[in-house]
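**Q** Here it is, the structure, as structure tokens.
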Amino acid sequence: MATTTSTSSNGSGAQPQRRVGLVYDERMCKHSTPRGEDHPENPNRIRAIWNKLLSAGIPHRCVVFDAKEVKDTYIAQVHTNNHINLIKTISSKKLAPQRNRVAAKYNSIYFNEGSSESAYLAAGAVLEAAEKVAKGELNSAFAIVRPPGHHAEENEPMGFCLYNNIAIATSFLLNQKELGIKKVLIVDWDVHHGNGTQKMFWKDSQVLFFSVHRHEFGSFYPAGDDGHYIMMGEGPGAGYNINVPWENGQCGDADYIAVWDYILLPVAREFNPDIILISAGFDAALGDPLGGCCITPRGYSIMLKKLMEFSKGKILMALEGGYNLKSLANSVLACVEVLLEDKPIAESIEVYPFESTWSVIKAVREELSAFWPVLAEKLPEKLTSRVMPPVQIYSSQSEDEYDDGPNTLSEDLQEDVTIPLSKLKVSDDAHDADQPAAAAASSPAWRSELSKIDVWYASFGSNMSESRFRCYIEGGQAEGMRRPCKGAADKSEPKEVLWKIVPHRLFFGRESTSTWGPGGVAFLHPASSDQEKTFMCLYRITYAIANISLLLFILEQFNDVLLQENLCTDTNSPFFDLSALDSIENEKNISLEALKDGWYHNVLYLGKEKDIPILTMTCTVADVEDFKSGKTSVCPPAKEYADTLVRGLVLGKQLSQDEAIAYIQEASTKPL
């Protein structure tokens, strides 16, 4: 593609038009589903954007250039060699027979013969555009790339993302000292949390990472605690990681602009970045089938315009999500027009944020005020009392998994529905086009119950308190909890409760959770030791035999507890089935690959009681080694969490209150 340069004025004759770069390369369309299956992350996304820009005459006014493949040395700054080798070789003919099986190991990923080239071009395009902006060759740039990147972690592709394009470019800018870039602000406005980017700069004070996203107490993709506002960075990076987690869908222009005005902009002024990189996902746009939010093109224009007051307007935008082609294209056009400083933008908004938005803003400001004193001032009640009336919100964990909200969309967008990212996986059977998208979101077949037997679920942590455990079965939250539980599909009470002491080590680790706040939570060392003893509360819960393909057998309530312990929302299939139960008596523990990102993905067998198997869930031996080495933090429990354990032990008539407190104290201070 030829490079074109604009020398026209901005229409006023006062100053030359800003030099804005555009990267678009048709070769990135080679990445597609293996057999042409329908998928939201498809080549038409970037084609729709490019065609919209062409129809508006935008490319002729910009500096347009093709993508170049990124070098492995730059990728290696943020990704492991194993990850690089996977993405580099996955499109080879040699790996063609294994490609779908490899993809199935990861969360919401597909591969084909064009994936490797597309991933290298996408990362290279973002890096080169960022370099040109940093050097001053361009004032700003927009990289129209795919596959997206912000979910990709150090050693794992996920969420449609193969390489973390923004992270690679950020690392490059900071390492090329001659560029003079010492501080980078990354703004991630994709509707999903930028988990990969966050982890890559978790301890880095040179990078201020800001993500505003649907979170819904850890139930919205990518799920878990990572996107919670208490996750603020560590060590030198403490305070440089800012999450604004929406508690519901339907957030629109007013909600996002309030976050800009009362969190992002005040901190950005203090941070004073040398350049801004935007993970520009447009799946929070009106009508997006995955997002369920309502930002308009004008809303994106205002958000971007407010950021142009920093770093002399040096901004690089890289495409992330966005799956309604019309909203996507219109929103990108609006943003490029802002970069070109095409026309003035009226920043007034005629609607107010939701009450839940102000609640989140206040909580984020309070948590961050220790690091950013500019946020310490209390917002006036006159401001925060101006709210939108609540709308009917459907949780991302609702039975039908849809979230199309109130009927406020234009006719051409009303047919869209919100589909969880975790449902969108391409497998060997994915070419069956007769299965409508709605079928994937319907109630899972494994809920079709024929009969039930039982299993003992053994708890060593907060679930020793029966009121806390009932939250996992009935839903809701107990005293001291910061967020509610969804509950199980089968809400019948435990048939029996008893106590047992096991020869395993109890300890506490991790720094914070969204359920309990700062402080560690309980883990059980999977290896037994005659020198140790831990109190376990056993709940006799259902073990259901269900009929799906080939008469797969599953544990119903146990799987629901397992899902909630690991903050997972994908209930399409059970994670622990009868074959696992048959083998665990010999293997003693089974680490569940599908839940490997959860903290309690290792199911541990503790024998039998009344000829019924006793199972618990904890970390693996390898995880224990990470705790020992300091790679993962060992941390005493928060008071609310410890009080819940004490309450369980006392009400269970195992220990007196003083004995229970001493028991928890010893477990939290004794070296591993």
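The values are calculated or read from the model by the stated rules, or taken from the named source; none is laboratory data. Everything numeric here is computed off the predicted structure, so don't read it as measured data. A quick note on method: Cβ atoms are made from the backbone with ideal geometry, for glycine too, and the neighbour counts reach across all protein chains shown. Accessible surface areas use protein heavy atoms only, side chains included; no ligands, DNA or RNA. Shrake-Rupley method; radii C 1.70, N 1.55, O 1.52, S 1.80 Å.
This table checks each residue for (1) in contact with a Phe, Trp or Tyr (Cβ under 8 Å, 6 or more places away or on another chain); (2) crowded, with 24+ Cβ neighbours inside 10 Å.
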{"site": "Gly218", "(1), (2)": "no, no"}
{"site": "Pro222", "(1), (2)": "no, yes"}
{"site": "Asp226", "(1), (2)": "no, no"}
{"site": "Asn241", "(1), (2)": "yes, yes"}
{"site": "Leu304", "(1), (2)": "no, yes"}
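**Q** Here's another thing I want to ask about it. If Leu286 passes every condition in (1) under 28 Å from Leu379 (Cβ atoms); (2) at pLDDT 95 or above; (3) crowded, with 22+ Cβ neighbours inside 10 Å; (4) not aromatic (Phe, Trp, Tyr) but one, which one does it miss?
**A** Every condition holds for Leu286 apart from (2).
**Q** I've got another one for you. Looking at Ala141, is it farther than 24 Å from Trp202 by Cα and out of contact with any helix residue (DSSP H, G or I) (no Cβ under 7 Å at 6 or more places or on another chain)?
**A** No; evaluated as a whole, the condition is false for this residue.
**Q** Are there any pairs with C-beta distances below 7 angstrom linking a residue in the stretch 599-615 that is over 10 Å from Ala458 (Cβ atoms) to a residue that is open to solvent by 20 Å² or more (accessible area, probe 1.4 Å) and among the small types (Gly, Ala, Ser), with the two at least 6 apart or on different chains, and if so which?
**A** Going by the 7 Å Cβ cut-off, the qualifying pairs are His601/Ser591; Asn602/Ser591.
**Q** Could you grab me the full set of residues in the stretch 477-499 that are open to solvent by less than 50 Å² (accessible area, probe 1.4 Å), within 30 Å of Trp246 (Cα to Cα), touching a Phe, Trp or Tyr at 6+ places or on another chain (Cβ under 8 Å) and in a loop (DSSP other than H, G, I, E, B)?
**A** Gly480, Met481, Arg483, Gly487, Ala488 - these are the residues of the stretch 477-499 that are open to solvent by less than 50 Å² (accessible area, probe 1.4 Å), within 30 Å of Trp246 (Cα to Cα), touching a Phe, Trp or Tyr at 6+ places or on another chain (Cβ under 8 Å) and in a loop (DSSP other than H, G, I, E, B).
**Q** On to the next question. If I go through the stretch 165-197 residue by residue, how many of them are within 11 Å of the chain's Cα centre (by Cα) and surrounded by fewer than 24 Cβ atoms within 10 Å (Cβ to Cβ)?
**A** Here the count works out to 0.
**Q** Mind checking whether some residue in the stretch 58-67 is open to solvent by 10 Å² or more (accessible area, probe 1.4 Å) and either within 24 Å of the chain's Cα centre (by Cα) or without any contact (Cβ under 8 Å) to a residue 24 or more places away in the chain (or both)?
**A** No, every residue in the stretch 58-67 fails to be open to solvent by 10 Å² or more (accessible area, probe 1.4 Å) and either within 24 Å of the chain's Cα centre (by Cα) or without any contact (Cβ under 8 Å) to a residue 24 or more places away in the chain (or both).
**Q** Name every residue in the stretch 590-617 that is within 22 Å of Arg510 (Cα to Cα) and either modelled with pLDDT of 85 or more or buried (at least 20 other Cβ atoms within 10 Å of the Cβ) (or both), in order of residue number.
**A** Ile590, Ser591, Leu595, Gly598, Trp599, Tyr600, His601, Asn602, Val603, Leu604, Thr616, Met617
**Q** Right, something else. Can you report the number of residues in the stretch 111-132 which are open to solvent by 10 Å² or more (accessible area, probe 1.4 Å) and under 18 Å from Glu37 (Cβ atoms)?
**A** The number of residues fulfilling the criteria is 1.
**Q** Going through the stretch 651-672 one residue at a time, which ones are open to solvent by less than 90 Å² (accessible area, probe 1.4 Å), over 19 Å from Val521 (Cα atoms) and out of contact with any Leu (no Cβ under 7 Å at 6 or more places or on another chain)?
**A** If the condition is that a residue be open to solvent by less than 90 Å² (accessible area, probe 1.4 Å), over 19 Å from Val521 (Cα atoms) and out of contact with any Leu (no Cβ under 7 Å at 6 or more places or on another chain), then Gly652, Gln654, Ser656 are the ones that fit.
**Q** Counting only residues that are touching a helix residue (DSSP H, G or I) at 6+ places or on another chain (Cβ under 8 Å) and assigned to a loop (DSSP other than H, G, I, E, B), which one in the stretch 198-216 is least open to solvent (accessible area, probe 1.4 Å)?
**A** So, considering only residues that are touching a helix residue (DSSP H, G or I) at 6+ places or on another chain (Cβ under 8 Å) and assigned to a loop (DSSP other than H, G, I, E, B), the one least open to solvent (accessible area, probe 1.4 Å) is Phe201.
**Q** From Asp570, Asp626, which residue is open to solvent by less than 50 Å² (accessible area, probe 1.4 Å) and at pLDDT below 90?
**A** Asp570
**Q** Mind listing whichever residues of the stretch 228-237 are among the small types (Gly, Ala, Ser) and open to solvent by 30 Å² or more (accessible area, probe 1.4 Å)?
**A** Gly235
**Q** Can you tell me which residue within the stretch 291-302, out of those that are open to solvent by less than 10 Å² (accessible area, probe 1.4 Å) and hydrophobic (A, V, I, L, M, F, W, C), is nearest to the chain's Cα centre (by Cα)?
**A** Among residues in the stretch 291-302 that are open to solvent by less than 10 Å² (accessible area, probe 1.4 Å) and hydrophobic (A, V, I, L, M, F, W, C), the one nearest to the chain's Cα centre (by Cα) is Cys293.
**Q** Do we have Gln250 as polar (S, T, N, Q) and open to solvent by less than 10 Å² (accessible area, probe 1.4 Å) here?
**A** Taking the combined requirement at face value, the residue does not satisfy it.
**Q** Let me ask something additional. Which one is farthest from Glu466 (Cα to Cα) among residues in the stretch 638-650 that are open to solvent by 30 Å² or more (accessible area, probe 1.4 Å) and not acidic (Asp, Glu)?
**A** Going through the qualifying residues, I end up with Lys639.
**Q** Right, something else. Determine, yes or no, whether Glu640 is out of contact with any Leu (no Cβ under 9 Å at 6 or more places or on another chain), over 14 Å from Phe535 (Cα atoms) and touching a residue at least 40 places away in the same chain (Cβ under 8 Å).
**A** Judged against the criteria, Glu640 is a match.
**Q** Another one. Just give me the residues in the stretch 74-109 being part of a loop (DSSP other than H, G, I, E, B) and either among the acidic types (Asp, Glu) or open to solvent by less than 10 Å² (accessible area, probe 1.4 Å) (or both), in sequence order.
**A** Scanning the stretch 74-109 gives His79, Ile90, Ser108, Ile109.
**Q** Looking at Lys314, Lys362, which is the one that is of a type outside the set (Asp, Glu) and open to solvent by 60 Å² or more (accessible area, probe 1.4 Å)?
**A** Among Lys314, Lys362, only Lys362 is of a type outside the set (Asp, Glu) and open to solvent by 60 Å² or more (accessible area, probe 1.4 Å).
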